[in-house]
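Here is the structure we will look at.
The values are calculated or read from the model by the stated rules, or taken from the named source; none is laboratory data. Computed from a predicted structure; not experimentally measured. All Cβ positions, even for glycine, are placed from backbone atoms using ideal geometry, and neighbour counts span all protein chains on display.
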Protein chains: 4
Amino acid sequence: MPYRRTDKVEARLASDRERILGTARQLVAEGGFRKAQIAAVAAMAEVGVGTIYRHFPSKADLFAEVVSAVSRREVGIVDRIAESGGPATPRLADALRTFATRALRSGRLANALIAEPAEPAVDEARLRYRRDLGRSIAGILDYGIQAGEFPRQDVDASAACVVGALLEGLVGPLAPSGQIGRDGPRLVDAIVAFCLRAVSGSPA
Amino acid sequence: MPYRRTDKVEARLASDRERILGTARQLVAEGGFRKAQIAAVAAMAEVGVGTIYRHFPSKADLFAEVVSAVSRREVGIVDRIAESGGPATPRLADALRTFATRALRSGRLANALIAEPAEPAVDEARLRYRRDLGRSIAGILDYGIQAGEFPRQDVDASAACVVGALLEGLVGPLAPSGQIGRDGPRLVDAIVAFCLRAVSGSPA
Amino acid sequence: MPYRRTDKVEARLASDRERILGTARQLVAEGGFRKAQIAAVAAMAEVGVGTIYRHFPSKADLFAEVVSAVSRREVGIVDRIAESGGPATPRLADALRTFATRALRSGRLANALIAEPAEPAVDEARLRYRRDLGRSIAGILDYGIQAGEFPRQDVDASAACVVGALLEGLVGPLAPSGQIGRDGPRLVDAIVAFCLRAVSGSPA
Amino acid sequence: MPYRRTDKVEARLASDRERILGTARQLVAEGGFRKAQIAAVAAMAEVGVGTIYRHFPSKADLFAEVVSAVSRREVGIVDRIAESGGPATPRLADALRTFATRALRSGRLANALIAEPAEPAVDEARLRYRRDLGRSIAGILDYGIQAGEFPRQDVDASAACVVGALLEGLVGPLAPSGQIGRDGPRLVDAIVAFCLRAVSGSPA
DNA sequence: CATGAATGAGAATTCATTCAT
DNA sequence: TATGAATGAATTCTCATTCAT
């Protein structure tokens with residue numbers, strides 16, 4: 001009887017893949033890339049090491065995929081807000097606040113995905129993450145400038161600066177090491193306010 | 001004849017130390033911390049491995065020192081500007097512009113020192129770098145708020161955001177692939193303008 | 001087909017472990033702990049270096065296990081004799097003679113396991129060896145004193161002295177250069193006679 | 001003016017040599033051979049590393065000499081007692097007691113010199129130490145047998161056993177690790193009594 | 001001659017990847 | 001097909017010895 005890749009097999013394959021990705025993400029969230037070794041992922045995902053290599057050609061690919069997945073999810077959320085209608089200012093505020101709040105809740109994961117490179121391939125994914133986030137922001141800025149809400153400015157540079165301010169504000173040194181040191185909402189407010197002043201050139 | 005640590009010897013020692021530090025910095029600038037192994041530093045500095053361990057107790061110490069040295073130098077420059085007299089706005093502009101211009105010239109080094117952690121000890125040095133830079137910025141903000149140039153704001157958060165915007169603007173993905181992709185002066189202008197709008201809440 | 005740790009695999013694992021232990025013991029017997037480096041053990045056991053670390057957490061653990069294994073075996077043999085019934089004197093004689101004869105046959109190994117420390121962890125195992133041997137001897141002494149065969153004496157000190165006399169007699173300098181220099185049986189006789197006189201306080 | 005090795009120079013050379021030896025001995029006493037590195041000896045002796053190599057061709061030679069020196073001194077003391085007149089029994093008791101008491105006072109040094117080999121060359125010196133000690137003991141035994149105090153016995157084996165009992169009794173496992181666990185005098189009494197019973201074949 | 005800086009061969013350990021079962 | 005045991009290149013650090021000053 002020839003081997004048939006049945007639906008059942010297909011489903012197991014997919015669920016294995018997801019579980020591996022999820023476990024990898026969790027390990028990164030707990031101990032950064034440093035602690036996320038293939039063997040550890042395999043053990044926690046309850047699959048064999050070899051199985052990981054069936055789904056991902058290399059460690060770098062696995063973790064690049066981890067970053068991409070988080071990126072897709074988070075940028076997707078921001079995108080949806082960015083593309084919702086209405087004036088640019090509240091839209092930007094909403095997007096930034098949502099992103100920041102979620103990042104604060106994710107604890108160390110955000111820090112690792114944002115600031116802790118490891119392999120070049122993972123780095124690329126990280127950069128893509130930031131770039132995609134920037135592109136989403138840039139969309140709002142473009143709209144706001146068109147609509148006269150924001151002054152003329154170098155949109156790409158501003159978007160990058162917003163991303164930087166956002167991430168650094170969240171994981172930066174002034175927010176005590178690694179954890180949300182100060183009460184989150186207030187910090188998020190300050191960051192959002194900073195960015196809004198920056199792109200609008202007006203107080204509030 | 002008893003051994004005398006002559007000036008010549010002293011000079012050689014110092015120059016060895018400097019050469020090791022410089023080589024380490026260069027290797028980091030070229031390939032990130034990943035490429036900067038002790039053996040590689042030794043080879044390129046044309047000293048034995050043991051010599052490095054005469055000057056630095058461990059690999060982590062060596063690279064922490066690399067970061068510290070750059071930090072001291074760059075933050076020192078910013079500090080001097082921050083502490084010069086006059087209104088806060090041009091002072092902040094000057095500080096940011098100077099830092100940014102220098103960082104752009106340093107190429108990948110800034111990226112590595114800012115965004116690529118390695119050993120925990122090096123990480124700490126990197127965090128100190130950002131914190132020190134933030135503190136310098138915060139000083140100007142404090143002054144500006146006192147002087148009524150800037151609106152009331154969370155100074156620590158703003159300073160972190162400025163640092164983030166500055167660094168991300170410089171090394172971020174929108175400045176293509178780690179190198180000075182766009183003409184530098186224009187990018188620096190955009191970043192500085194962004195930060196000034198953010199802290200002042202006014203266009204210009 | 002899910003991976004099954006078959007009996008065959010199990011057997012290979014166990015035999016690898018044994019081969020590694022055996023090789024380590026052999027290397028120690030040939031050249032002392034100095035010659036027994038992990039790489040050498042791996043090469044001679046025809047396994048990779050990593051395989052050794054799959055079976056033993058560290059070099060110290062491996063060699064501690066080597067000592068422990070020999071200790072368990074040899075002390076076990078002595079214990080069985082010590083716990084057999086009958087008067088203490090022949091029991092002690094039998095125990096000492098058996099131990100000594102076996103040690104003489106093992107050549108340099110006894111010397112290394114007895115006299116050559118290396119890592120603190122291995123040292124501990126070695127001390128345990130001597131202590132266990134001493135405890136076994138002390139048991140016979142206790143019995144003999146109760147039975148009136150031996151005079152009252154400091155049992156712990158006597159046991160240690162017996163162990164010392166035994167080991168030194170075997171591997172000591174008077175038995176030329178670490179090997180069985182003199183004809184074994186006569187040496188064993190002399191050592192046993194010495195110890196019996198010492199604990200009994202009577203000739204023969 | 002040709003270089004003349006004046007008396008003054010000669011004296012300094014000799015005193016340097018002594019200081020190096022003394023320092024080495026002290027370091028061994030404090031931390032065993034493991035802690036006694038050439039650089040440490042040089043530093044503590046307040047000479048350059050090179051100076052040590054002027055006096056001793058290698059590390060092994062230096063420490064072999066350390067062992068030899070201690071050996072000469074201690075064996076000398078025992079020898080003198082051994083060669084004093086009078087019956088063998090009190091002479092042996094005196095020799096053993098003196099040696100044991102001194103060893104207990106020297107703390108870890110005795111242990112290291114007796115039980116902690118390092119380099120083969122040092123090992124040889126250690127073996128010579130034990131052999132010389134044994135020879136000294138053997139002299140007393142010979143005399144005692146001649147005089148009819150002791151029964152006929154294998155003198156070399158007995159001497160080795162005495163040395164073994166003595167050393168093991170002192171540094172062995174029953175005397176808690178490394179330090180004089182039990183009150184020294186009582187332990188020395190027990191060891192001496194053990195040895196006297198062993199060589200005399202009669203209760204003491 | 002004394003010095004101590006420089007050297008670099010070694011040694012232990014880690015972990016991504018492979019492949020027999 | 002899944003598994004996880006085996007692998008060994010790579011990396012950090014130590015320390016006896018040499019030799020320019």
Selected residue [assigned to a helix (DSSP H, G or I), buried (at least 18 other Cβ atoms within 10 Å of the Cβ) and away from DNA strand E (no atom under 11 Å from the Cβ)] from C:30, C:18, C:74: C:74
Unmet requirement for residue C:143, which otherwise passes all of (1) at pLDDT 95 or above; (2) in contact with a Ser or Thr (Cβ under 9 Å, 6 or more places away or on another chain): (2)
Pairs where the first residue, in the range B:14-29, is not assigned by TED's automatic domain parsing to the domain that holds residue B:50 and the second is of a type in the set (Ser, Thr, Tyr), C-beta under 9 Å, 6+ apart: none
Yes/no for residue D:148 being at pLDDT below 85 and either touching an Asp or Glu at 6+ places or on another chain (Cβ under 9 Å) or more than 9 Å from chain C (Cβ to nearest Cβ) (or both): no
Among residues of the range B:154-172, those that are surrounded by fewer than 22 Cβ atoms within 10 Å (Cβ to Cβ) and either within 7 Å of chain A (Cβ to nearest Cβ) or without any contact (Cβ under 8 Å) to a residue 12 or more places away in the chain (or both), counted: 2
Condition broken by residue C:52, with the remaining ones in (1) over 18 Å from the mean Cα position of the chain (by Cα); (2) without any contact (Cβ under 8 Å) to a residue 24 or more places away in the chain satisfied: (2)
Test set (1) within 12 Å of DNA strand F (Cβ to nearest atom); (2) assigned to a helix (DSSP H, G or I); (3) of a type outside the set (Gly, Ala, Ser) - residue D:79 fails condition number: (1)
Within the range B:1-15, considering residues that are of a type outside the set (Val, Ile, Thr) and assigned to a helix (DSSP H, G or I), the one nearest to DNA strand F (Cβ to nearest atom): B:8
Which numbered condition residue C:86 fails, given (1) more than 16 Å from DNA strand E (Cβ to nearest atom); (2) in a helix (DSSP H, G or I); (3) away from chain D (no Cβ under 14 Å): (2)
Among the residues listed as A:59, A:35, the single one being among the basic types (Lys, Arg) and within 13 Å of DNA strand F (Cβ to nearest atom): A:59
Qualifying residue in the range D:46-60 (condition: away from DNA strand E (no atom under 16 Å from the Cβ), of a type in the set (A, V, I, L, M, F, W, C) and away from chain B (no Cβ under 14 Å)): no
